[in-house]
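First the structure, in the form of structure tokens, and then the observations on it.
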Amino acid sequence: MSIPSLPVSTLGTPRIGPRRELKFALESFWSGKSGEAALLEAAAGLRAANWARQRALGVTNIPSNDFSLYDHVLDTSVMVGAIPDAYGWNGGKVSLATYFALARGSEGETQGAACASGCGAHSHGVPALEMTKWFDTNYHYLTPEFTKGQVFTLASTKPVDEYVEAKALGYQTRPVLLGPVTFLKLGKSKDPALDPLSLLANLLPVYVDVLRRLKANGAEWVQIDEPCLVLDLDDATRQALRAAYGMFAHASPALKLMLTSYFGGLGDNLADALALPVAGLHLDLVRAPEQLDAVLARAPRGLVLSLGVIDGRNIWRANIPSILDRLAPVVAKRGPDHIEIASSCSLLHVPIDLDLETDLDPDLKNWLAFSVQKMGELATLGRALAGGGDAIAATIADSARAFAARAASKKVHDPAVAARIAAIARQMAERASPFEIRREWQRRALDLPDFPTTTIGSFPQTPEVRKARAAHAKGALTDADYDAFLRAETKEAVRWQEEIGLDVLVHGEFERNDMVQYFGEQLSGYVFTQHGWVQSYGSRYVRPPIIFGDVSRPKQMTVAWSTYAQSLTKRPMKGMLTGPVTMMQWSFVRDDLPRSEVCRQIALALRDEVTDLEAAGIRIIQIDEPAIREGLPLRRADWPAYLAWAVECFRLAASGVRDDTQIHTHMCYSEFNDIIQSIGAMDADVISIETSRSKMELLDAFVAYRYPNEIGPGVYDIHSPRVPPVGEMTELLVKATKSLTPDQIWVNPDCGLKTRKWEEVRPALVNMVAAAKDVRAALAKAAE
Ligand code: GLN
Ligand code: ZN
């Protein structure tokens with residue numbers, strides 16, 4: 001007997017399995033331990049379990065084709081046959097070998113690929129497609145690659161197959177497709193003159209074919225995702241949306257489309273979205289609750305509105321009564337036939353099941369909801385709004401109690417943190433003196449040569465280091481033994497850096513598991529899960545920490561390691577911290593405070609660490625902020641506000657030190673052109689950035705904007721095992737002198753070295769030091 005409910009949808013579910021089953025099935029297949037059949041069987045099992053779970057929990061619009069072996073954008077490229085020539089696909093069914101070559105590159109030959117050079121002596125690999133972040137999430141998709149005159153053909157019927165598979169199991173699903181306009185906009189071409197949107201007319205017939213096949217097999221609704229609807233759109237994109245959805249309505253009039261927008265509000269695209277001939281429109285009412293009124297005022301009568309009220313991007317339990325208060329009048333006014341209740345976006349971005357967590361504080365656990373729990377919340381809302389109040393009254397009351405308990409909890413609210421935040425004074429985000437003055441003090445204190453050499457912080461995390469850490473975590477290695485092991489590693493790293501002649505040393509970060517986790521585990525307000533895995537890309541999953549309460553630093557975090565390392569050498573030892581924006585960006589963040597406020601709390605905690613390092617005799621401190629750029633909001637209009645508080649937080653963390661203490665920062669990318677002013681405004685004494693892969697293209701940004709402080713444009717690409725020769729790095733440094741003054745330039749790799757092997761790192765850094773010496777000598781000679 002089914003309980004009355006409004007239609008309830010998830011928009012998509014995590015694919016990875018509660019126990020990371022997909023990862024293990026993939027790795028077993030890739031390593032050759034198991035065959036194709038075993039992988040496909042595991043995948044089918046995960047799909048069936050997802051469908052069953054949703055039905056059991058009361059989800060009524062169950063999606064299909066939300067599953068992927070690797071990535072749904074790649075699946076779409078494969079569906080429409082957008083497979084670059086290099087992968088040797090000759091039409092026909094796309095093999096798993098080709099699919100995974102697109103995803104991960106291949107070492108040998110792919111399906112039917114002939115060696116282009118005809119050498120026959122060795123097999124030729126192909127690189128993977130490029131990977132990019134999916135909107136403002138930490139999920140990475142494989143970038144579609146298009147060519148001029150690209151033809152599209154139906155190369156995979158995955159959406160139809162999975163619909164049929166579900167149907168055979170007794171589920172009438174709503175298949176999910178990535179919409180054609182967003183798909184094209186996510187893609188790129190080697191030919192910069194090619195606008196992917198110009199390929200729309202070629203692409204649409206394949207979509208029409210898929211829609212017709214879905215209809216022919218019995219689908220009534222199809223969910224079609226166009227998250228580009230929350231971006232700043234140009235006229236060409238608006239026109240493309242009209243063309244695409246006009247064509248679908250014409251070609252398959254009986255099939256109902258649920259067009260989804262998510263990760264933000266429709267904003268100035270609202271009129272365009274409402275004008276499209278679709279049966280339903282999904283709104284993200286978590287990110288953009290304010291858009292509901294505007295939509296209600298203008299939506300055509302017959303349009304089904306899918307109200308995304310359960311947060312698909314975060315792990316907090318919803319306040320059900322307050323959502324009901326907001327939605328009940330909407331349902332009453334619009335009628336239950338034209339409303340669906342949904343998660344704000346696919347549940348792909350949250351962990352699967354809170355019930356697997358056995359170590360969490362019970363209070364905290366009661367405030368959380370992972371994918372499974374969110375499905376339950378959706379069902380509760382659907383039933384309550386259908387008038388089924390009595391049966392679920394207890395559930396609703398429980399939600400209200402949990403919410404009230406969280407709001408009042410001492411575990412969340414620390415008056416000392418609130419007092420510190422209230423007492424932040426403007427000067428706290430400013431160094432005592434401007435850079436020109438600090439620079440003089442620092443030159444005197446540090447006595448470094450021109451083109452000083454340094455590294456970004458980490459040295460190789462060898463199998464021994466990882467083994468020791470695992471043994472220590474399991475209790476097989478005592479604290480004392482583990483500590484002795486780490487000290488020995490650190491000592492050896494310091495000795496070696498001195499030997500090869502680096503100017504500013506690092507301790508090597510051997511004690512750190514991860515640059516966020518290491519600090520999160522030592523800060524109050526952070527908690528970690530045991531099974532809270534979320535897909536980052538393909539088979540790589542991460543367990544983001546949860547910031548649940550006010551953040552503070554109960555005790556020093558890095559001072560002991562930095563001072564130990566400094567005690568081993570007379571050269572400056574660089575302290576090494578992860579910055580406030582990155583500490584926040586790579587975590588699940590509490591939703592009861594603005595992000596800017598959470599970030600300020602972290603900044604103050606780090607500020608204490610910075611000043612403690614200084615007091616302990618550390619003269620250079622690096623505060624890494626690799627995540628500043630990826631935190632940029634999706635809409636340009638929101639950039640200035642974000643950049644203002646992000647920069648302020650960095651400065652709050654960094655500015656408690658004397659003029660003669662040198663603050664460094666590091667970022668792992670080089671697309672700075674549009675935010676260069678803000679990077680400058682961080683006012684770090686030295687910034688190190690990635691540039692070697694782009695051959696110092698970054699420096700173009702500095703032609704228009706004269707970066708005032710010192711800068712280390714990476715000369716050694718750490719993403720590759722290759723050892724760069726001296727001459728290559730000398731050349732890059734000489735190139736840098738064309739846009740920067742010589743006394744501004746530092747010499748360092750692109751990023752940390754933890755993923756590399758010592759066999760690669762040793763010769764590369766020896767060469768890097770030699771390159772710096774060559775450039776110094778050449779400059780001295782030129783000055784004679
Ligand atoms: N200090 C860190 C390291 O060297 C920086 C890593 C990063 O920026 N991603 O590993
Ligand atoms: Zn980096």
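The values are calculated or read from the model by the stated rules, or taken from the named source; none is laboratory data. Since the model is a prediction, treat every value here as computed from it, not as a measurement. Note that each Cβ is placed from the backbone with ideal geometry, even for glycine, and that neighbours are counted across all protein chains shown.
Of the residues ILE689, ILE745, the single one that is closer than 28 Å to MET515 by Cα and within 16 Å of ligand 1 (Cβ to nearest atom) is ILE689.
Against the condition touching a residue at least 24 places away in the same chain (Cβ under 8 Å), more than 16 Å from ligand 1 (Cβ to nearest atom) and closer than 18 Å to VAL504 by Cβ, how does THR661 come out, does it pass? Criteria met by THR661.
Scan the range 632-672 for residues that are under 30 Å from ALA445 (Cα atoms), away from ligand 2 (no atom under 16 Å from the Cβ) and among the aromatic types (Phe, Trp, Tyr) and the total you get is 0. Checking each residue in the range 250-265 for being out of contact with any Asp or Glu (no Cβ under 8 Å at 6 or more places or on another chain), outside any helix (DSSP H, G or I), surrounded by fewer than 21 Cβ atoms within 10 Å (Cβ to Cβ) and of a type in the set (A, V, I, L, M, F, W, C) picks out only ALA254. Would you check if SER692 is among the polar types (S, T, N, Q) and either more than 14 Å from ligand 2 (Cβ to nearest atom) or under 30 Å from SER433 (Cα atoms) (or both)? So SER692 does not fit the description; no. Run down SER346, SER252 and say which single residue is modelled with pLDDT of 95 or more and polar (S, T, N, Q). From the options SER346, SER252, the qualifying one is SER346. Contact map, the range 600-624: first residue on the phi < 0 side of the Ramachandran plot and surrounded by fewer than 23 Cβ atoms within 10 Å (Cβ to Cβ), second residue part of a helix (DSSP H, G or I) and aromatic (Phe, Trp, Tyr), Cβ cut-off under 6 Å, separation 6 or more or different chains; the map is empty. Output the residue which, of all residues in the range 755-774 that are farther than 17 Å from SER692 by Cα and either among the acidic types (Asp, Glu) or surrounded by 21 or more Cβ atoms within 10 Å (Cβ to Cβ) (or both), is farthest from ligand 2 (Cβ to nearest atom). Looking at the filtered set, the residue picked out is ASP774. Under the condition of being in a loop (DSSP other than H, G, I, E, B), in contact with a Phe, Trp or Tyr (Cβ under 8 Å, 6 or more places away or on another chain) and within 28 Å of VAL372 (Cα to Cα), the residues counted in the range 14-43 number 3. Got at least one residue in the range 664-673 being assigned to a helix (DSSP H, G or I), among the aromatic types (Phe, Trp, Tyr) and within 16 Å of ligand 1 (Cβ to nearest atom)? There is no residue in the range 664-673 that is assigned to a helix (DSSP H, G or I), among the aromatic types (Phe, Trp, Tyr) and within 16 Å of ligand 1 (Cβ to nearest atom). Scanning the range 605-630 for residues that are more than 16 Å from ligand 2 (Cβ to nearest atom) and not in a helix (DSSP H, G or I) yields ALA616, GLY617, ILE618, ARG619, ILE620, ILE621.
Can you find a residue that is buried (at least 22 other Cβ atoms within 10 Å of the Cβ), at pLDDT 95 or above, on the phi < 0 side of the Ramachandran plot and over 20 Å from the mean Cα position of the chain (by Cα) anywhere in the range 525-544? Taking every residue of the range 525-544 in turn, none turns out to be buried (at least 22 other Cβ atoms within 10 Å of the Cβ), at pLDDT 95 or above, on the phi < 0 side of the Ramachandran plot and over 20 Å from the mean Cα position of the chain (by Cα). Remark: pairs (first residue in the range 505-531, within 18 Å of ALA565 (Cβ to Cβ); second residue part of a strand (DSSP E or B); Cβ separation under 6 Å; 6+ apart in sequence or on different chains) = LEU505/MET573; VAL506/LYS574; GLU509/SER458; MET515/THR578; PHE519/THR578. Among the conditions (1) among the aliphatic types (A, V, I, L, M); (2) surrounded by fewer than 18 Cβ atoms within 10 Å (Cβ to Cβ); (3) in contact (Cβ under 8 Å) with a residue 60 or more places away in the chain, VAL726 misses just one, which is (3). All conditions in (1) within 20 Å of GLY525 (Cβ to Cβ); (2) in a helix (DSSP H, G or I); (3) away from ligand 1 (no atom under 15 Å from the Cβ) hold for LEU593, with the sole exception of (2). The set of residues from the range 266-279 being in a loop (DSSP other than H, G, I, E, B) and hydrophobic (A, V, I, L, M, F, W, C) comprises LEU266, LEU276, VAL278, ALA279.
The residue that is surrounded by the most Cβ atoms within 10 Å (Cβ to Cβ), counting only those in the range 545-589 that are within 16 Å of ligand 2 (Cβ to nearest atom) and over 16 Å from the mean Cα position of the chain (by Cα), is GLY579. Out of LYS148, LYS215, one residue alone is touching a residue at least 12 places away in the same chain (Cβ under 8 Å) and either under 28 Å from GLY267 (Cβ atoms) or in a helix (DSSP H, G or I) (or both). It is LYS215.
Picking from residues in the range 724-764 that are β-branched (Val, Ile, Thr) and over 17 Å from LEU502 (Cα atoms), the one that is nearest to the chain's Cα centre (by Cα) is THR755.
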